Structures are given as C-alpha cells and as structure tokens.
C-alpha cells in the first residue's frame, strides 16, 4: 500500500494552520469516528500514550475532554466546547491543552465527500503566530499522521464488518 502524506498549510505570519487527509470512507462514518468516544479511543492516540478517559457531550455548548497517560504514568488532557455542529459535515470547537490553557485555539473540522472518499480538513486558529507555531511545531504533523493512519485502519475494519450501515 502506498503511503499517504498529511497535507499541511502553515503560512508565515498567520495565526492558523490547516491539515488535510483523505480517507476511503463515506463522510457520515468519518463524522462518527470524530465524535463517538468508542471510536476516538481507537485512533486518536499517538504512540507512547494511552487514552484513559474520553468524554463528549456532542451538542452546541457541550464539552469534551480527552485524557492521555504516558508510559511513566504522567497524564495530560485536552478539552474544549462545541461551538457549531452540522452533522455530518462540520464541527467547530475550542481546543485547550490543559497545561497551557491560555494558548487555546478554535478548531474547524470540515468533511467533504466525493468519489467514495472523504477529505478531512482541519483549520486550527490560535490567538498569535507564536501560539500557532508552538502548537504546530510540537510534533503535530508526525502525531497526526500516525493517528490518521490508525483512522484509516479503523474505517476499513468498520466498513468490512458493517457494510449495510454505510449509507445515509
């Protein structure tokens, strides 16, 4: 299988960065993998970490929180609030890395379907260029690539086991 590459746009002087990944799955299923804890626990976990808690109140004004533990037992968490939900094509939420709560961002996830594939585009907007750079250059590209590769595997497994549920 040919390896895929995470597309990124990190423009000098801008406060946001954009990532894009294409998956072989219908948009409705991809939306579910981004919003259901049982799916998030299977793919949104970089190596060396275990997701020990995944909470999500999927509604405008609802909150989410993801807690990870490293191999030495140290925990770190991300949290935020859902600002917009347009099932199955768009999610806008705040993104807070709890150790740096003043470096929060707004994430906009857009899912576009075509030709049996879904393009996942995420725009992460920070308050400053420095905050954006700190987030992006802290390993985002490698970590997200690894997680999206896990997402590809999960989507293939789910589609193989539940082909009748992939329309809608």
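The values are calculated or read from the model by the stated rules, or taken from the named source; none is laboratory data. Keep in mind that this is a model prediction, so the values were computed, not measured. Note that each Cβ is placed from the backbone with ideal geometry, even for glycine, and that neighbours are counted across all protein chains shown.
Looking at 124, 108, 118, just one residue is in a strand (DSSP E or B), farther than 21 Å from residue 38 by Cα and in contact (Cβ under 8 Å) with a residue 60 or more places away in the chain, and that residue is 124.
So which of 78, 64, 82 is at pLDDT 95 or above, under 24 Å from residue 153 (Cβ atoms), in contact with a strand residue (DSSP E or B) (Cβ under 8 Å, 6 or more places away or on another chain) and buried (at least 16 other Cβ atoms within 10 Å of the Cβ)? Exactly one of 78, 64, 82 is at pLDDT 95 or above, under 24 Å from residue 153 (Cβ atoms), in contact with a strand residue (DSSP E or B) (Cβ under 8 Å, 6 or more places away or on another chain) and buried (at least 16 other Cβ atoms within 10 Å of the Cβ), namely 64.
Taken together, 36, 27 contain a single residue that is crowded, with 17+ Cβ neighbours inside 10 Å, out of contact with any helix residue (DSSP H, G or I) (no Cβ under 6 Å at 6 or more places or on another chain) and over 25 Å from residue 134 (Cα atoms), which is 27.
Just one of (1) touching a residue at least 60 places away in the same chain (Cβ under 8 Å); (2) farther than 22 Å from residue 24 by Cβ; (3) in a helix (DSSP H, G or I) fails for residue 146. It is (2). Name the single residue, out of those in the range 106-146 being more than 22 Å from residue 88 (Cβ to Cβ) and in contact with a helix residue (DSSP H, G or I) (Cβ under 6 Å, 6 or more places away or on another chain), that is surrounded by the most Cβ atoms within 10 Å (Cβ to Cβ). That would be 126.
Highlighted here are the strands (runs of 3 or more DSSP E) found entirely within the range 5-99 that include at least 3 residues which are in contact (Cβ under 8 Å) with a residue 12 or more places away in the chain and closer than 21 Å to residue 145 by Cβ: 16-23, 49-56, 63-70, 90-97.
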